[in-house]
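Below: the structure, in C-alpha cells.
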Amino acid sequence: MKKVHIILLCVFVFLCIVTVSDAYAHDIKFMLGGSLSKYKIQPEVYFTGTEEIRNEVSYKNGFLMGVGIELALAKNMALEIDALYLQKGSQEQQVTFPLEIYGPETNYTFHAISVPALLKIRLTPGTSPYILGGAEIAMCVSHWKSTPDASIPEYPYYGGVYITDTTTRFDFSIVFGTGFEFKANGGKFFIEGRYHYGLSNIAKRPIYWESAKTRTIVLLVGFKI
C-alpha cells in the first residue's frame, strides 16, 4: 500500500507541474543521483550509573530520482520546483566508556518524497555555472532501522524494523548548492550539488535521542526538455 501511495503522490505532483508549466516559459527536468546523509543528534553523550555512552554518527549513502520544472523569472534567473524520491538517514554506533565497548553499527534509512522550491541564478547566459538556494519539505514515507551481523560478512544486515511511528511526518530543510549546465547533441544537460540542512526534529518519540535533524549532501545529473 505504501508503494501505491508513493506512485499516486508522484503522479499528482507531476500533473501540478505540467499544469503550472502551461502558463510560463519553462523547462521540464529529469534527475538521477545519490546522497550522503547523517543525523545531527542530541544528546551525543549520556550517562547510565557509572557508564558513559557516546552516540557516534557517520554518513550513509542513498539514492534519489525525480522530475522538476524550471520557470523563467528573468534573463538569468529562474524558479525551480522539484518532486524527488530521496533517501536520507544515518549510521550510528554506541560506545560505552570507561571499558570502550563498541556496540553494533545501526543503519537508519529515511525514505522521503522531497519537494524543494529553489531560486536559481545563472552566472552567464547559455552554458554556464549557476548557484541556487531555497527550502525543502520532505514527507516521510517510511523509516527503516537495521543492524549488522559481523559473523556473516557476505550478508551484512541480519534484520531490521520499521520505526516510522517514531518519526515526524514532515522534514523541513533549507537548501543551497551549485551546478553547471551545458548543451550537447542538441540537448540541455546539467550536473549539480546540493546541501540540505534540516531544521526539524524528526525524532517524534525518543529512541536513544531527544533530537535528530537531517544533514544531506546530494549530487545529481539530469537533462532538460
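Data table
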| read-out | value |
| --- | --- |
| Residue that is farthest from the chain's Cα centre (by Cα) [pool: residues in the range 121-141 that are exposed (fewer than 14 other Cβ atoms within 10 Å of the Cβ) and among the hydroxyl-bearing types (S, T, Y)] | T124 |
| Condition check for K145: within 20 Å of R215 (Cα to Cα), among the charged types (D, E, K, R), at pLDDT 95 or above and surrounded by 15 or more Cβ atoms within 10 Å (Cβ to Cβ) | no |
| Output for the range 57-105, where each listed residue is outside any strand (DSSP E or B), over 27 Å from W144 (Cα atoms) and not basic (K, R) | N76, P98, L99, E100 |
| Single residue of the range 178-223 satisfying the filter (of a type in the set (A, V, I, L, M, F, W, C) and outside any strand (DSSP E or B)) that is surrounded by the fewest Cβ atoms within 10 Å (Cβ to Cβ) | L199 |
| Out of G68, G103, G49, sole residue that is free of Cβ contacts under 8 Å to residues at least 12 places away in the same chain and surrounded by 14 or more Cβ atoms within 10 Å (Cβ to Cβ) | G103 |
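The values are calculated or read from the model by the stated rules, or taken from the named source; none is laboratory data. All values derive from a computational prediction rather than experimental measurement. All Cβ positions, even for glycine, are placed from backbone atoms using ideal geometry, and neighbour counts span all protein chains on display.
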